[in-house]
1. Do the conditions hold for ARG191, that is, is it assigned to a loop (DSSP other than H, G, I, E, B) and surrounded by fewer than 24 Cβ atoms within 10 Å (Cβ to Cβ)?
2. Give the range 154-188 a look and list any residue that's among the charged types (D, E, K, R) and crowded, with 17+ Cβ neighbours inside 10 Å, or say none.
3. Can you tell me which residue among GLY208, GLY198, GLY148, GLY188 is closer than 17 Å to GLN115 by Cα and not charged (D, E, K, R)?
4. Given the criteria in a strand (DSSP E or B) and surrounded by 21 or more Cβ atoms within 10 Å (Cβ to Cβ), does VAL253 qualify?
5. Can you tell me which residue in the range 272-286 is surrounded by the fewest Cβ atoms within 10 Å (Cβ to Cβ), limited to those that are of a type in the set (Ser, Thr, Tyr) and outside any loop (DSSP other than H, G, I, E, B)?
6. Are any residues in the range 267-300 among the acidic types (Asp, Glu) and over 15 Å from the mean Cα position of the chain (by Cα), and if so, which ones?
7. Residues that are under 28 Å from GLY192 (Cβ atoms), at least 3 per element: which helices (runs of 4 or more DSSP H) completely within the range 1-106 meet that?
8. Would you tally the residues in the range 287-301 being over 30 Å from THR17 (Cα atoms) and crowded, with 19+ Cβ neighbours inside 10 Å?
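The values are calculated or read from the model by the stated rules, or taken from the named source; none is laboratory data. A quick note: this is a predicted structure, and the numbers were derived from the prediction, not measured. Positions of Cβ are generated from backbone atoms using ideal geometry, with glycine treated the same way; all protein chains shown enter the neighbour counts.
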Amino acid sequence: MPYTPVLSGNAGDLFDTAERRWHTVLEARPDLSPAIALQRRLLTIVADLGQAFEHGRLPRLSLPPKYLAAKLSRGVPALAGEPIPLPVPVLQPPFLRLCEALAEGGAGEMATRIQEAVQKGEIEVGSLLGACLARNQAAIRHVASHLGLAPDLLWLVAELAVGPFVHILQRALFDPAIHEVLHSALQGWNRGYCPACGSWPALAEVAGGHRTLRCAFCASAWEMTMYACIYCAESGERFVTAAPTEERKDRRVEVCSACGGYLKTIDLPDLSPFPLLSISDIETTDLDVAAMEHGYVRPPLKDFSVKA
């Protein structure tokens, strides 16, 4: 099935898995020790927030299955353009803790300045996180420019804070017991961007012989029916998959000279549960470097501002 449900599991199992994977990464890449130390702090905050949503209530949404199916059939992600109410009182404290962790983990004054802007009321967290959920980078860059903040860091903190909520939301909307029409629309999803939020995948995880795309924002998992570039659908000789090192053919990069995009691919025994997808991302940073050194890039987010 193009869309694949991936459960999070309980907190204890998550961190047992995370520690095993971090240990394996550090054995091969001891230079990543500072980055993994920071990731451990960030994922603790994100996972705690995710567990709170696992056992809490989601907002009531007026998104009938037939309406969502119609959007998907037109290539429009389910959440695109929808006014989603955010539980800001639940999200703001973790947002501030994420800023603190980033400040202490290397971002320094830039992260502290974001934290202070929220505490002083210069940033309205609900609006910021709403723009992030809507995948509106321009709005967040405007706020950052106006306040003299680092735009990429502001975007990162917003993604980390609202990501657990969006992950649970997409799982609820795309529950396997959903309406047959929506299930059929998900079966027919054959695009490189996420059917839930519209983001590009962070990478592809290959488990059980299936090349599964994993959303960089909400961790949705889906497959394309053909082996091709996820950005432009090129499947000819201009689309190439290569392993930068002969010893690690389980870690590959797909590059497309037709559009200039690239995608990392990693073989795993199982798909990564949320929020451990970021471990797959950090352990393949050398693939990003290899692709970018050859002029390949990750394209900007798609614009779905026209409501379906």
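1. Values: assigned to a loop (DSSP other than H, G, I, E, B): yes; surrounded by fewer than 24 Cβ atoms within 10 Å (Cβ to Cβ): yes.
Answer is yes for this residue.
2. GLU159, ARG171
3. Selected residue: GLY148, the only one of GLY208, GLY198, GLY148, GLY188 that is closer than 17 Å to GLN115 by Cα and not charged (D, E, K, R).
4. Working: in a strand (DSSP E or B): yes; surrounded by 21 or more Cβ atoms within 10 Å (Cβ to Cβ): yes.
Criteria met by VAL253.
5. We begin by selecting, within the range 272-286, every residue of a type in the set (Ser, Thr, Tyr); these are 272, 278, 280, 284-285.
Filter once more, so that each one left must be outside any loop (DSSP other than H, G, I, E, B): 278, 280, 285.
On the way: SER278: 20, SER280: 21, THR285: 13.
The residue in question is THR285.
6. If the condition is that a residue be among the acidic types (Asp, Glu) and over 15 Å from the mean Cα position of the chain (by Cα), then ASP267, ASP270, GLU283, ASP286, ASP288, GLU293 are the ones that fit.
7. 11-28, 33-54, 65-73
8. Final tally of qualifying residues: 1.
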